[in-house]
Amino acid sequence: MKFLLNFLSLLCISTISLAQADSTKTLQEVTVRGFETRQTALKTPASVSRISAEDIDRHTLSDPLPVFNAQAGIRMEERSPGSYRLTLRGSSLRSPFGVRNVKVYWNGIPMSDANGTTYFNAVDFNTLGSVEVLKGPAGSIFGAGYGGVVQLSTPTAAPGHEVSAGFQGGSYASLAGNLRYQLGSRRVNLLVALSDRGSDGYRDNAAMRGYRQTLSGSVFLGHSHSLTLSYTGGHMNYRTPGGLTRTQMEANRRASRPATPTLPSARDQQAGIYQDYTLLGLTHGWQIAPKTSFTTTLFASRYNLANPFITNYEERHEKTTGYRLLGRTVYGKVILYAGSEGIFTSSDFYVTKNNLGEKGDFLYDTDLLSRQLTHFVQAQISLPGQVEITGGLSYNTQFYRNETREAGGEVLLVKEAPGLPWSPRIAVLKSLNEKAGLFYTFSNGYSPPTAQEMTANFENGQNLRLRAERGVSHEIGWKSQWTGAFRTEIAAYHQVVRNALVRQVKDDGSEYFQNTGKVIQKGLEISNRLTLENRERFIRATDLLLNLTLNDFRFGSYLNEGLDLEGKRLPGAPKASVAFSGRWVQKQGIYLTADLNYISAMFLNNLNTFSTDSYTTTRVRMGWKFPAGRKILLNLYAGADNLLNEKYSLGFDFNAIGNRFYNPAPLRNYHGGVGITYKFR
């Protein structure tokens, strides 16, 4: 296969570069949070992708898609500007927008609510210092979400004060800016940030505008106590142009969804999302003794949304409160963990007809109370022969109370507890030497139906008693650090998902969800990273990522409207993807970054009668970071997206009636910007 030959060629080039790095300064292994074990990635018996501050900075003031899509087993889409869809080791069948099957934390605070939904666009990616992704079921310690866990963290400030600002402009009237202040000292660590981003969009009815505020402050009270206050909030609104058929896309890629004899167009209905959000959390760290610690996190969030759609107008008001407790202690060669997490969400859905972007006649109103509780224990044991065994077990409860009132006065009350009570995990790591190791993991997780899925089913007269998805996974892997500069990870997994939830779309564009019998997911992930640094050379820094993902996701047993889909491939899961990401920095600070992502063909519907073409996305940026005096650092840059002018789709509407699968991506487009940093120590 051509893509595999290209992958091997790039790998050989990376190896040759490594052989020439005899005098290169290598980088230290970074500690990852993992399953709360906080070890190096090499000593963590799980597939972990870590995205550093340098990786994020490469795409400052732009969308985060290349940051995530450079990692094996991770796929992010942006069907409309500002609307992100993230999947880990899975398809996007349940995700019209946002995140499903994945638990997301920000500074250790759950962003995923008790309904099972995460609004990923609430994050200001420019304020992140690192992103850590655990792939595969993690229910033994993190509760719901069999796809994995995403840990987002703001940076730790360097000693002293620092103020930075940036501005970027580009095609389609896109403008973005940010302002940030950081303070670092022995007792205080502070980040305050503001950002704004907007665009007219490539397609008709695709304008976007949003602003965010972020505050993260830590106070260290002696050697035993610390307090961290984390806040993020803002406003985002974006229009949704809607899906097109292939014929419509080929006729006019920039068009929004047109009107039909029975339905108005996306533009006429002013289809879009208008959202406000606030998340506030307080974390107390207590070092009780040299080998014993306890962490307490309390948090609250608010989320308001208005969504004029083709067929209706929805207003959503959600409030979430919760906690997370974690204790850790060491007894000889045994490390014990115990904790609890609780998330409580109250939601109100008020739905009317949509009269050309204005609220019309009342249709129904839903009050939904959700509760998600996880209590967990974990033990980590070091055995002779450089073997480590980690065992974890959680007890989970999920509860919904759904009360819906229709326009005619009828009231429907549904109470459900769709969770999976027990979620075990066993992991074994065998270190071959200080630079290589093998691991095996058995894990179990679940993902309950979301509030939006149950509401969508009610609206379309479908089953309200949806069951939780259950994922059981076996994984083997090999990790190595050939030198301090070159790292490799290979992981193969087999996961069976029962009661898998699949999104169905009606002719009017409305959606509902069904439980399938079984889905079988098999995959192989190969990750390579080469990091070189030598300030005496003309190219003083090189950072290369080369990752391969192979997927074989199929329905195991699924009857859909009388049709047996056993053996059919899951829509939205490409057979193969290759990601290359490179950064080169010259002595005087001139730099070049390049990202390339190849996606093979994938099916668009359950029957496997429609599929995409394979495509390659590209992004390059060139700039110059240089000092302007002793305390000022300037950054000037320009770049291009979709450099190959590829005709592809930003994301797909799977199983769309009328074959409106496509959301066309912009052709070649450009951006440029400037950044300034002032440091006063």
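The values are calculated or read from the model by the stated rules, or taken from the named source; none is laboratory data. Computed from a prediction, not measured in an experiment: that's the story for all the values here. A quick note on method: Cβ atoms are made from the backbone with ideal geometry, for glycine too, and the neighbour counts reach across all protein chains shown. These area figures cover heavy atoms from the full protein model, side chains too; ligands, DNA and RNA do not enter into them. Shrake-Rupley method; radii C 1.70, N 1.55, O 1.52, S 1.80 Å.
At a probe radius of 1.4 angstrom, the accessible area of the chain per residue rounds to 40 square angstrom.
Accessible area ranking (1.4 Å probe, heavy atoms, ligands and nucleic acids excluded), largest first, for 375, 284: 375, 284.
Straight-line cross-link reach from residue 291 at under 16 Å between alpha-carbon atoms covers these lysines, not counting any fewer than eight positions away in the same chain: 333.
How much length, in nm to one decimal, is gained on full extension between residue 414 and residue 355, taken as 0.36 nm per residue of separation minus their Cα-Cα distance? Before the final figure, lay out the partial values.
Details: separation 59, 0.36 × 59 = 21.24 nm, distance 3.02 nm.
Additional length available on full extension: 18.2 nm.
Would you calculate a helix-derived [θ] at 222 nm for the chain, using -39,500 (n - 2.57) for each DSSP H run of n ≥ 4 and dividing by the full residue count, to the nearest 500?
Values: 6 runs with 47 residues, N = 681.
The helix-only estimate for the chain comes to -2000 deg cm²/dmol at 222 nm.
Between the amide H of residue 668 and those of 645, distances stay under 5 Å, these residues lying 5 or more places away or on another chain, with hydrogens modeled in the peptide plane. The fraction of accessible area contributed by carbon and sulfur in the chain is 59 percent, rounded to a whole number (1.4 Å probe; ligands and nucleic acids excluded).
A simple spin-label model places the labels of residue 340 and residue 52 4.0 nm from each other, with each point 7 Å out along Cα-to-Cβ. Computed about its Cα centre, the charge dipole of the chain is approximately 1980 debye, with only Lys, Arg, Asp and Glu carrying charge at their Cβ.
If R0 equals 60 Å, the separation of the Cβ atoms of residue 260 and residue 620 corresponds to a calculated FRET efficiency of about 0.90.
Here the Karplus relation 6.51 cos²θ - 1.76 cosθ + 1.60, evaluated at θ = phi - 60°, turns the backbone of segment 610-616 into coupling constants of 10, 9, 8, 8, 5, 8, 10 Hz, with x for every Gly and Pro.
Note on residue 171 and residue 289: the extension gain reaches 36.9 nm, defined as 0.36 nm multiplied by sequence separation minus the Cα-Cα distance. In segment 192-231, whose amide N lies under 20 Å from the spot 7 Å out along Cα-to-Cβ of residue 613? List them in ranges. From segment 192-231, the list is 203. The aspartates and glutamates within cross-link reach of residue 430, meaning a Cα-to-Cα straight distance under 13 Å and a gap of 8 or more places when in the same chain, are 388.
With a simple spin-label model that places each label point 7 Å from the Cα along the Cα-to-Cβ direction, the separation between residue 645 and residue 186 comes to 6.2 nm. Peptides 197-209, 336-348, ordered by how many other C-beta atoms sit within 10 Å of their residues on average, highest first, read 197-209, 336-348.
Can you order the peptides 244-254, 589-599 by their average number of other Cβ atoms within 10 Å per residue, highest first?
589-599, 244-254
Here's the list of aspartates and glutamates a cross-link from residue 679 could span, going by alpha-carbon distance under 14 Å and ignoring same-chain residues fewer than 8 apart: 162.
I want to make sure I understand the PRE zone here: with the label point 7 angstrom from the Cα of residue 636 toward its beta carbon, which residues in segment 571-592 have backbone N atoms less than 13 Å away? Taking a point 7 Å out along Cα→Cβ of residue 636, the residues of segment 571-592 whose backbone N falls under 13 Å are 590-591. Could you work out how far the C-alpha centroid of segment 174-188 sits from that of segment 298-339, in angstrom? Going from one Cα centre to the other spans 25 Å.
Length gained on full extension, residue 432 to residue 375: 17.1 nm, using 0.36 nm per residue less the C-alpha separation. Modelled spin labels at residue 282 and residue 304, positioned 7 Å past Cα toward Cβ, are 2.5 nm from each other.
With R₀ fixed at 30 Å, the C-beta to C-beta distance from residue 563 to residue 268 puts the FRET efficiency at about 0.30.
Matching the structure-derived volume of the Cα convex hull per residue in Å³ against the labelled list (i) 209; (ii) 166; (iii) 146 gives the label (iii).
Please name which of 602, 612, 650 has its Cα lying farthest along the dipole of segment 577-670 towards the positive end, using unit charges on Cβ (Lys, Arg +1; Asp, Glu -1) and the Cα centre as origin. Selected residue: 650. The simple Förster model, with R0 at 56 Å and r as the Cβ-Cβ distance, assigns residue 482 and residue 348 a FRET efficiency of 0.50. In the structure shown, the pairs 43/518; 353/575; 103/319; 103/625; 359/518; 479/575 are assessed against 29 Å; a Cα-Cα span above that value is assigned to 43/518; 353/575; 103/625; 359/518. Counted by Cβ distance under 10 Å from residue 48, the other residues give a net charge of +2, where Lys and Arg count +1 and Asp and Glu count -1.
Does segment 280-353 come out rounded, prolate or oblate by the C-alpha gyration tensor, with a ≥ b ≥ c the root eigenvalues, rounded set by a/c under 1.5 and, if not, prolate when a/b is larger than b/c and oblate if not? Note, shape of segment 280-353 comes out prolate.
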